[in-house]
Amino acid sequence: MLVDRAERREAQAMATLTVHPDRLLPAEPGVRDIARRLYTAVRDLPIVSPHGHVDPRLLLEDTPFADPTSLLIQPDHYVTRLLHAGGVPLSDLGVGEGPMAEDRARAAWRLLCSHWHLLRGTPVRYWFDSELVDIFGVTERPSAANADALYDLIAGQLAQPGHRPRALLRRFGIDFLATTDDPADDLAAHDALRADPDVSTTVAPTFRPDRYLEVGRPGWPEAVKELGGDCGHYTGYVAALEERRRYFVAHGAVSADHGHADAGTEPLGHRDAERIYRSALDGTVTPQEATAFRQHMTFEMARMSCDDGLVMTLHPGVYRNHHPATFERYGPDTGHDIPLAVELTRSLRPLLSRFGTYPGFHLVLFTVDPDVYSREIAPLAGFYPAVYAGAPWWFLDNPAEIGRFQAAVTETAGFSRLSGFIDDTRAFCSIPARHDMSRRLDAGFLAGLVAAHRLDEDEAHDTLTGLVSDQPRKVFKL
Amino acid sequence: MLVDRAERREAQAMATLTVHPDRLLPAEPGVRDIARRLYTAVRDLPIVSPHGHVDPRLLLEDTPFADPTSLLIQPDHYVTRLLHAGGVPLSDLGVGEGPMAEDRARAAWRLLCSHWHLLRGTPVRYWFDSELVDIFGVTERPSAANADALYDLIAGQLAQPGHRPRALLRRFGIDFLATTDDPADDLAAHDALRADPDVSTTVAPTFRPDRYLEVGRPGWPEAVKELGGDCGHYTGYVAALEERRRYFVAHGAVSADHGHADAGTEPLGHRDAERIYRSALDGTVTPQEATAFRQHMTFEMARMSCDDGLVMTLHPGVYRNHHPATFERYGPDTGHDIPLAVELTRSLRPLLSRFGTYPGFHLVLFTVDPDVYSREIAPLAGFYPAVYAGAPWWFLDNPAEIGRFQAAVTETAGFSRLSGFIDDTRAFCSIPARHDMSRRLDAGFLAGLVAAHRLDEDEAHDTLTGLVSDQPRKVFKL
Amino acid sequence: MLVDRAERREAQAMATLTVHPDRLLPAEPGVRDIARRLYTAVRDLPIVSPHGHVDPRLLLEDTPFADPTSLLIQPDHYVTRLLHAGGVPLSDLGVGEGPMAEDRARAAWRLLCSHWHLLRGTPVRYWFDSELVDIFGVTERPSAANADALYDLIAGQLAQPGHRPRALLRRFGIDFLATTDDPADDLAAHDALRADPDVSTTVAPTFRPDRYLEVGRPGWPEAVKELGGDCGHYTGYVAALEERRRYFVAHGAVSADHGHADAGTEPLGHRDAERIYRSALDGTVTPQEATAFRQHMTFEMARMSCDDGLVMTLHPGVYRNHHPATFERYGPDTGHDIPLAVELTRSLRPLLSRFGTYPGFHLVLFTVDPDVYSREIAPLAGFYPAVYAGAPWWFLDNPAEIGRFQAAVTETAGFSRLSGFIDDTRAFCSIPARHDMSRRLDAGFLAGLVAAHRLDEDEAHDTLTGLVSDQPRKVFKL
């Protein structure tokens, strides 16, 4: 069996772990030379991270990380899903739990190391290699044989001041970091961070209203009360959302983030919206009505963005919590959200007909359906001043799909319609590795254009600097 | 901001503009050597352009082009859409207008030059580089700083005899050029061109009946009267279309071109067709009936092609005029047609069941949904003798998508089922650059097959010559 | 005309035919060196073929192959479809017939050779080159001029003992070979082969129940009687299917194979299932009911797989027998099955919610819609322990699509979620060429990861050996 043999091999060979300075750059020596020059110029630029899932309390409290497992495995569904597919129960990995007792944490770490071969060829492996070497000074490829030694090595470092959250934040060179937040959040953690002279990174909240817009979901009538305001009727609900957005803007937010199954944006008449809202409060709303209402509210969110200036990010097309038994036991974001085919051209037309040329409105479109980037997003971003093509994201955040995105989207929309890289991660330590991967791949892609004599090298250099630094600042209005 | 910095850079550096002899060829030196040999053999072969949008009156009247802007910007929605996305109002570019007064034309040209960086990485930039160097002898990369000088340089040349339309037509080496024409057109311009001994290029009309088949569109009842014949009833309408097709054939047409939202071809019974036709004349047709009628007429068009020999070209899957405000102000073809997911396997079955093996019937299929080429068109072209895979077209006419097309389609259908390159342009000066790009990319792709030892070099050479010269002549029956 | 010129060229030049030792390996010399080392290590490993269409009687009877045409052309719709698209009538190729008289067989062979250029750039050409050189010692590229000589050369060898089916089976080094069988088959041929000491290859049947599950198809009420058992009511029908599966397991089957238009798996209540089953027996079932019943039975098949251990393979999304006239004259599997867009995420949810983590259940998913591998199959295989991504199959079994699959699927799911290569062929002599192609492409892909410093070479070596040998054995429980 592959697994057995691979395990045996891993156990036998104590292979070294290194990260090569030219990793991910193109293989052809001439192109690689160009890419190396381009990459070197942006390698050390500060990180701008306009969308992600780091908890602001992590940075506020600056508590040392508990152990390697709670830092590198438990919160990262990119990792746990692959181990689960390979036969490891999520419970053995502490999914859905906080830090575990040391024996369980160590056992989970051993499972990662003994299944290291499952990660081959994935970006998870790539990020891990970078993190282990660059942050923790690991020099051996993880395996069953050295799992405990690596655990001890990393745990020892986590206890040191240099590996506490704020120290790492500084070391990572993160200029701007957006979190993702519930509209009812008081944003006290963000306020405290902003007030703290020890933290030079701007840590901004992001308005994420999905659960308040899906009026047919169980628990919605209770949830909506958390918004404050007079949510007993539709007009009050809209006013409450507007008020919460203003609150977020006042506390540093730059964007509002939306993820639903489809990208529909057909507005309802006021009377229909009121009627459906009442049914939702009564618990008598039909699934069709709930969807129509949410599509209407997506249109409304764009209208509010035109008013309050929050950048709108939209990432439709994911079937959330595909496996009911896993959802019931471990909760959401546990690795079984699965992409769906999605349609944007017709769906976004109501929104774009109304707001697509509205001055200052920014709509960043993401998808996990690779074809949609080339077929629909690039053409939309190549005409509408409001539309930007988001980075290849989630399932597409890997060298292969990034390459496909680069080729397909820039040919149609150019570089100026790209959002720049988005890490979208809840794995704090992977942030620098993810941005570095993106810089390497962008350098390689631009080097290819230079080698094909489609771009002069000074233009490639300028474009790369733009993608890393200027473009995310412009698109997210930083 | 990216834009500011890029503008500054462009303004500072007076960079040279050159076109490298090896541009677009593969980077690996061994493969590049093969590609160079292949490309050199076809570089100077005459151009065959079986589908495009050049106005025959341009060549008939041979009036000097008015200025750089009306030649290179205003009619080309590939250019204006990218500038519009970058924040330039279409009105400043003269979209939807004829030649402008010199101050406005010059201002539009300055906008192009100062936004030159928006074109990076797109084929528009590539075509422009070739045109500026090869046709106008430009030696500096356009920028805000040299915009006026370039304008003067080009304007000066346009006033010379060597840059009048017929002189360029000769210089471009175009053997065959198809235009796109309304079925009601009297084709007098084509007749005059054919009679003119000064024009050696064959300039052929193309029958494009879309607006006569979409019976639910506003204005259809008036439009159909232009067809002549007795269009007061269905039978007369069909006869009128047949008569206009015969007229086109008699005046040199080789193909009929069809572009609708979907690819449906389900025929109606005669009684249903008559009934819907009557409703359309009365203005009481429903959208469903109008679509069913148009799908029926697409089937009928194939039947007529079997009779009169016109090659049928079909390119479904575009949402026309996506942005209503732009359409109302500037008209159609102004850069906001957006691709739609499209289905061919079921949709074309009625047509292909009936005519897919009809001797001499040629159906060339195009799509702007890249996946459809590999998933559906290549398999259809790999079985039905009537079906040819059209070139990667419109949004797909760029090195990245051409590469994807080459790889995916030829593996399933071989080279003999390809239409050869189609430029489909209304930008007259871009024709040689577009064909040259295609020849370079085909040479590179074939060189890759030779380097992988899948094809001998003599076969690659024969295949490339076929794609450039023989295949479009065979497919379009020239 | 291309065809004429190509024919002329083929006829003139008596080009040599060779297969290069580095064919299909990456062009860049550094990467090629790594790929060559990797490939060399697996080149001669035994072939494991867990899904295909070789007739077991071929091996049981060991009758010499009749002639080159009945061996290499007639049964292979990959070949005949391309010739048909190029204008050759299927009747001239003996499609749907057994061995032909020598004059017709020779004429068909001449058609293949004189149309050899139609195969350029396709995997069919690649497989043919390998077969002709490696199995028959051909040294000249086929053409009209040498067609008869090649026919005689191959025919002469087919008459020798060394080219009889069992001799080739040994020479090909096939360890395991699955056939595809009707559930009503008595599997006597398999029993006899297993009992024969002269055959060391394991030849296993595969349970393929499609036609018994499509209850709305003409002839179903008669067909179902062949299953045995009490199929007069639903419970008996289910029991009969279970019994036939047990029979297959007892006779060596390892998998059950399912190919329907969609991937729906919604179960019905027992009462609905009974009611629809009765309607089907009466011939009054509606198309909607028949589809719902088949989707229910797909769910049931997964349940049975959990019980009896048969690996479930699923390959939805093909429009069978697209051209009615060809189907009526030549029957099924004659080259006009055409891919359809297909959806898995929602469709498979009922099945995976219930059985996706069932211990030992294996579900191998195939598609001919390339995007579905990256968008849906890789994410499913990257979470569910039961799900494996099948090899790029049928229309996707070529270097271009294999490359796309490798890149897209492994990034999301890693190598351990792949089925290993599946040849799926009814062209016996193409089996080694197909597996060799896969090994070369896997070696090249892994070499690219090594060159990009994403994987160490020892890991690439281990992964490649796994893909060739261990992984199919694990996935198919050999």
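Remarks
- Tally, over region C:59-75, of residues that are over 23 Å from the mean Cα position of the chain (by Cα) and hydrophobic (A, V, I, L, M, F, W, C): 1
- Hey, A:Asp257 over 23 Å from A:Pro316 (Cα atoms) and at pLDDT 95 or above or not: no
- Considering (1) part of a loop (DSSP other than H, G, I, E, B); (2) at the interface with chain A (Cβ under 9 Å from one of its Cβ atoms); (3) surrounded by fewer than 24 Cβ atoms within 10 Å (Cβ to Cβ), the lone condition that C:Tyr384 does not fulfil carries the number (3).
- Pairs with Cβ under 6 Å, 6+ apart, first in region C:104-121 and within 14 Å of another protein chain (Cβ to nearest Cβ) and among the hydrophobic types (A, V, I, L, M, F, W, C), second outside any helix (DSSP H, G or I) and buried (at least 23 other Cβ atoms within 10 Å of the Cβ): C:Trp116/C:Pro142; C:Leu118/B:Gly414; C:Leu118/B:Ser416
- Residue count for region C:213-227, restricted to those that are of a type outside the set (A, V, I, L, M, F, W, C) and either buried (at least 18 other Cβ atoms within 10 Å of the Cβ) or in contact with a helix residue (DSSP H, G or I) (Cβ under 6 Å, 6 or more places away or on another chain) (or both): 3
- Selection of region B:459-478 for residues being at the interface with another protein chain (Cβ under 7 Å from one of its Cβ atoms) and either buried (at least 24 other Cβ atoms within 10 Å of the Cβ) or closer than 18 Å to C:Leu17 by Cα (or both) yields B:Glu459, B:Asp462, B:Thr463, B:Gly466, B:Gln471.
- A:Ile402 being under 23 Å from A:His435 (Cα atoms) and buried (at least 23 other Cβ atoms within 10 Å of the Cβ): yes
- Considering (1) surrounded by fewer than 24 Cβ atoms within 10 Å (Cβ to Cβ); (2) of a type outside the set (Asp, Glu); (3) part of a loop (DSSP other than H, G, I, E, B), the lone condition that A:Arg354 does not fulfil carries the number (3).
- Residue satisfying condition, being in contact with an Asp or Glu (Cβ under 9 Å, 6 or more places away or on another chain) and either in contact (Cβ under 8 Å) with a residue 24 or more places away in the chain or part of a helix (DSSP H, G or I) (or both), within set C:Ala167, C:Ala223: C:Ala167
- The criterion of at least 2 residues that are among the hydroxyl-bearing types (Ser, Thr, Tyr) and either out of contact with any Cys (no Cβ under 8 Å at 6 or more places or on another chain) or more than 14 Å from chain C (Cβ to nearest Cβ) (or both) is met, among helices (runs of 4 or more DSSP H) falling completely within region A:12-91, by A:29-42, A:68-72, A:77-85.
- Total residues in region A:299-317, condition open to solvent by 10 Å² or more (accessible area, probe 1.4 Å) and at negative phi: 6
- Test: residue in region B:171-184 that is open to solvent by less than 10 Å² (accessible area, probe 1.4 Å), assigned by TED's automatic domain parsing to the domain that holds B:Pro432 and outside any strand (DSSP E or B): yes
- Condition broken by B:Ala204, with the remaining ones in (1) touching a helix residue (DSSP H, G or I) at 6+ places or on another chain (Cβ under 6 Å); (2) under 20 Å from B:Pro472 (Cβ atoms) satisfied: (1)
- Yes/no for A:Ile377 being more than 30 Å from B:Glu343 (Cβ to Cβ) and open to solvent by less than 20 Å² (accessible area, probe 1.4 Å): no
- Meets criteria (among the aliphatic types (A, V, I, L, M), within 14 Å of chain B (Cβ to nearest Cβ) and open to solvent by less than 40 Å² (accessible area, probe 1.4 Å)) for C:Val138: no
- Condition broken by C:Pro267, with the remaining ones in (1) crowded, with 19+ Cβ neighbours inside 10 Å; (2) on the phi > 0 side of the Ramachandran plot satisfied: (2)
- Note on region C:407-449: residues that are within 12 Å of chain A (Cβ to nearest Cβ), part of a helix (DSSP H, G or I) and among the hydrophobic types (A, V, I, L, M, F, W, C) total 8.
- The one condition from (1) in contact with a helix residue (DSSP H, G or I) (Cβ under 6 Å, 6 or more places away or on another chain); (2) of a type outside the set (S, T, N, Q); (3) farther than 30 Å from B:His115 by Cβ; (4) facing another protein chain (nearest Cβ under 8 Å) that A:Pro370 does not meet is (3).
- With respect to the conditions (1) closer than 30 Å to B:Ala189 by Cβ; (2) open to solvent by less than 40 Å² (accessible area, probe 1.4 Å); (3) without any contact (Cβ under 8 Å) to a residue 40 or more places away in the chain, B:Ala250 falls short on a single one, namely (2).
- Boolean, C:Gly98 is surrounded by 15 or more Cβ atoms within 10 Å (Cβ to Cβ) and either at pLDDT below 95 or within 14 Å of chain B (Cβ to nearest Cβ) (or both): no
- Residue match in region C:240-247 (condition: more than 26 Å from C:Lys477 (Cβ to Cβ) and open to solvent by less than 50 Å² (accessible area, probe 1.4 Å)): no
- Condition check for C:Asp423 on (1) over 19 Å from C:Pro123 (Cβ atoms); (2) buried (at least 24 other Cβ atoms within 10 Å of the Cβ): one failure, at (1).
- Pair list, Cβ under 6 Å, 6 or more apart: region B:358-385 residue among the acidic types (Asp, Glu), other residue open to solvent by 10 Å² or more (accessible area, probe 1.4 Å): B:Asp369/A:Arg375; B:Asp369/B:Ala341; B:Asp369/B:Val342
- Residue list for region C:187-212, restricted to those being surrounded by fewer than 18 Cβ atoms within 10 Å (Cβ to Cβ) and either under 19 Å from C:Val238 (Cα atoms) or touching a strand residue (DSSP E or B) at 6+ places or on another chain (Cβ under 6 Å) (or both): C:Thr202, C:Asp210, C:Arg211
- So A:Ala66, is it modelled with pLDDT under 95 and hydrophobic (A, V, I, L, M, F, W, C): no
- Residues considered: A:Val215, A:Val199, A:Val138, A:Val203. Of these, the only one that is more than 22 Å from A:Trp116 (Cα to Cα), more than 23 Å from the chain's Cα centre (by Cα) and touching a residue at least 12 places away in the same chain (Cβ under 8 Å) is A:Val215.
- Within region C:335-348, being facing chain B (nearest Cβ under 9 Å) and either of a type in the set (Ser, Thr, Tyr) or closer than 12 Å to C:Glu376 by Cβ (or both) holds for one residue alone: C:Ala341.
The values are calculated or read from the model by the stated rules, or taken from the named source; none is laboratory data. Note that the structure is a prediction, hence the values are computed from the model and not measured. For neighbour counting, all protein chains shown are included, and Cβ atoms are generated from backbone atoms with ideal geometry for every residue, glycine included. SASA here: full protein model, heavy atoms, side chains in, ligands and nucleic acids out. Shrake-Rupley method; radii C 1.70, N 1.55, O 1.52, S 1.80 Å.
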